[in-house]
Amino acid sequence: MAAATRPAVLGLYRRVLRLARRWQAASGRPEDSAREQQDILREARTLFRKNKGLTDTDQIKQCIDECTARIEIGLHYQIPYPRPVSDPIHLPPMGLTSRRGRGLRNQEKLRKLSKPVYLKSHDEVS
């Protein structure tokens, strides 16, 4: 990990830990708050440990952007999870590709590229 990204990643991890400690569920019930706090901690630990070995600066910056986006969305909407949809891209099948050959491979590639930044690692953790 580059010297410039290490403090950013550690600061982000501390921010997530503080957020989890202060998190209050939207329902206001203590048992819901405790469960959501544990979910936040578990997911943060899982993702940070999974990405611990990253050395590519671009990949590290993508992970930092994803984490920052998920924090902001969680705080704004008062939900600790990314929106629970099975298909985040609401497009008709084959809606992204041209009519020329290799449609399915292009479609899969374009759907992967069009996935929102805050959902990039959601499939790996859930």
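FRET efficiency for ALA3 and ARG29, Cβ-Cβ distance as r, R0 = 41 Å, nearest 0.05?
Details: r = 44 Å, r/R0 = 1.08.
Plugging the Cβ-Cβ distance into 1/(1 + (r/R0)^6) gives 0.40.
Per 0.36 nm of contour for each residue apart, how much would the distance between LYS52 and LEU17 grow if the chain were fully extended, relative to their Cα-Cα spacing? Don't skip to the end; give the middle numbers.
Details: separation 35, 0.36 × 35 = 12.60 nm, distance 1.67 nm.
Between LYS52 and LEU17, full extension yields an extra 10.9 nm.
The numbers here are math on the coordinates, done by the rules we state, and not lab data. On a predicted model such as this, the values are computed, not experimentally measured, just so you know. With ideal geometry, Cβ positions are generated from the backbone for all residues, glycine too; neighbour counts draw on all protein chains shown.
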